[in-house]
Amino acid sequence: MRSDAVKTGTQQAPHRSLFNALGMTKEEMDRPLVGIVSSYNEIVPGHMNLDKITQAVKLGVAMAGGTPVMFPAIAVCDGIAMGHCGMKYSLPSRDLIADCVETVAEAHQLDGLVLLTNCDKITPGMLIAALRLDIPCIVVTAGPMMDGCSKNEVLTMIRGSFEAVGKLSAGKITQQRLHEMEEECCPSAGSCQGLYTANTMACLTEVMGMSLPFCATASAVSSKKKQIAFESGIKIVELVEKGIKPSDIITKDSMRNAIVTDLALGGSTNSILHLLAIANSGNIDISLKDFDELSYKIPQIIKLDPSALPTMTDLHNAGGIPGVMKTLYGNTPELKDTKGVSGLKISQIAQAAWVDN
C-alpha cells in the first residue's frame, strides 16, 4: 500500500506514534488509509449538509475494510460572492482547493480519496487534484436543493430572486411579492436547482465516470444521496485494491463524452473553462477545437432552468444521467463506451436506465 510509507517499518515508529495520538488502532493502520475530503461548511448552501454525507461515506469505507480519515476543503458560494469584490476570489479558489487536496494526500501518503463536493469551483478543483495525484479517487457531489414554491408558483434561485428583481424594476411585481419569493425560492441544502455551473459539473463528473450513477441528480436532502455516499465509500476501497486511478477513468474519450453531454443538456458555458483545466492537469489532449467540432454534431435534447421551467428534480425523476445516456448512446456516434468507477460501461448504464419521455 502507498500508505506503508507512513505506517510500516522500524523507521516509521514516530509516524505510528502520531497515528496512535489520533486514537487509531493497529488494525486500522493495517488497512488502506482513505482520505475523505469534505468541503462541509456553514456559509455555502450546497455544502451545509456534507457533514451527514461524510458520515455515510465513512461508514461505507469502514464496512469495506478501509480506514477513513476526514480532512476539509474550502468552498465559495458564487451566488453570495456575486456583485462585489468577493467575486474575484471565486475562480482562484478552484486552484487553491486543488493545491490543498494534493498537499494533504501527498503529505500523508493516502491510499485513496473520496472527494465530497458540490458547487461551481469546488467540483472542478477536486477533479484537478485527482488527476494530479493519480491515486484511486471517487467523487460524491452533494446534489441539488429542492425546488421552491410560493403561492403555487414553482421557484428556483434564478426565478425567485434574480428574475424577480428584474420584474420588480419593470413594475410586474410588488416589493412584498419579491420578499415572498426570495424567502421561498431556496428551501433546502443543495446546489441551486437549475443547470448552472454546479449541477453541470456534477452531471459531467458522472458522465466521465468519476461518480456513481444518479449521483449528479439525486437531491441533497434525499435518502438516495446518503445511499450513494455509502456505496461510494465501499467502492473506493475496491478501487484502491484494484489500483484503478483517475487516469484510467478520465481519458480523452470520457472527456469528449462530457462535452457531448454538456451540449445535449445545454449546460453552463463555464464547463469549457473547467474541462480544459481538468484536461490540462491530466495531460489530456482536449482543446477548444473539440468543443467547436462537437457543437456542430450534437443536438440539444432537453432544456432546464434557467432556459426553461424544468429543474434538476425533473431531470432526476425522468431518469437522471443514466436516462440521458440511454437517449444518446447508440444514436450519437460521438459518445464512446467508456467505463467509470462503478465498473460499468456507458452501454451498460444506458441499457439499465429508465427514461420518462
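Pairwise alpha-carbon distances in region 236-308 exceed 20 Å for 40% of all pairs. On the beta carbon distance between SER247 and GLU184, with R0 = 41 Å, the FRET formula returns roughly 0.35. In region 209-337, one over the average inverse separation of all distinct C-alpha pairs is 16.1 Å, which is the Kirkwood hydrodynamic radius. MET63 accessible area, nearest 10 Å², 1.4 Å probe? Counting only protein heavy atoms, MET63 exposes about 140 Å² to solvent.
Considering all different alpha carbon pairs of the chain, the Kirkwood hydrodynamic radius works out to 20.8 Å. Over region 1-141, the Kirkwood radius and the radius of gyration, each from Cα atoms, give a ratio Rg/Rh of 1.02. Hey, what angle do you get for helix 252-265 against the long axis of the chain, alpha-carbon based, 0 to 90 degrees rounded to 10? So the helix axis and the longest Cα principal axis differ by about 20 degrees.
What percentage of all Cα-Cα pairs in region 97-187 are separated by more than 20 Å? If you can, show how the numbers build up before the last one.
Working: 2170 of 4095 pairs.
Above the 20 Å cut-off, region 97-187 has 53 percent of its Cα pairs.
HIS15 exposes around 70 Å² of accessible area when a 1.4 Å probe is run over every protein chain in place. Contact order, relative form, for region 214-322: 38 percent (alpha carbon pairs under 8 Å, 6 or more residues apart, mean separation divided by residue count). Quote the relative contact order of the chain in percent (integer), defining contacts as alpha-carbon pairs under 8 Å separated by 6+ residues. Reported relative contact order: 18 percent.
What shape does region 296-357 have by the C-alpha gyration tensor, where a ≥ b ≥ c are the square roots of the eigenvalues, rounded means a/c under 1.5, and otherwise prolate means a/b greater than b/c and oblate the rest?
Details: a/c = 2.21, a/b = 1.41, b/c = 1.56.
Oblate, since a/c reaches 1.5 and b/c is not below a/b.
Other residues whose C-beta falls under 13 angstrom from the C-beta of LEU265 contribute a net charge of -3, scoring Lys and Arg +1 and Asp and Glu -1.
Which of the pairs LYS242/LYS345; LYS52/LYS326; LYS58/LYS242 have their Cα atoms more than 23 Å apart in this structure? In this structure, LYS52/LYS326 lie more than 23 Å apart at Cα. Only helices enter this figure: runs of n ≥ 4 DSSP H residues, each worth -39500 (n - 2.57), summed and divided by the residues of the chain, yield -14000 deg cm²/dmol at 222 nm to the nearest 500.
Round to the nearest 10 and give me the degree value, 0 to 90, for the angle of helix 223-242's Cα axis relative to the longest principal axis of the chain. Helix 223-242 sits roughly 40 degrees off the main axis of the chain. A viscosity of 0.890 mPa s and a temperature of 25 °C, combined with the Kirkwood radius over C-alpha pairs in the Stokes-Einstein formula, give region 169-217 a diffusion coefficient of 186 µm²/s.
Between LEU18 and SER223, full extension at 0.36 nm per residue minus the direct alpha carbon distance yields a gain of 70.2 nm. Taking the convex hull of the alpha carbon positions in region 1-84 and averaging its projected area over all directions gives 7.3 nm². Hull volume per residue, based on the alpha-carbon atoms of region 163-245 and their convex hull, is 97 Å³.
Annotation: average projected area of region 115-270 is 10.1 square nanometres, based on the convex hull of Cα atoms across all directions. Report relative contact order for region 86-201 in percent, whole number only (criteria: Cα-Cα under 8 Å, sequence separation at least 6). Over region 86-201, the number comes to 28 percent. Between LEU309, LEU204, LEU22, the GNM of the chain built on Cα springs shorter than 10 angstrom shows LEU22 fluctuating the most.
The values are calculated or read from the model by the stated rules, or taken from the named source; none is laboratory data. Computed from a predicted structure; not experimentally measured. Here the Cβ is made from the backbone with ideal geometry for all residues, glycine too, and neighbour counts use every protein chain on show. The protein model used for the area step is the full one, side chains on, heavy atoms only, and it has no ligands, DNA or RNA in it. Shrake-Rupley method; radii C 1.70, N 1.55, O 1.52, S 1.80 Å.
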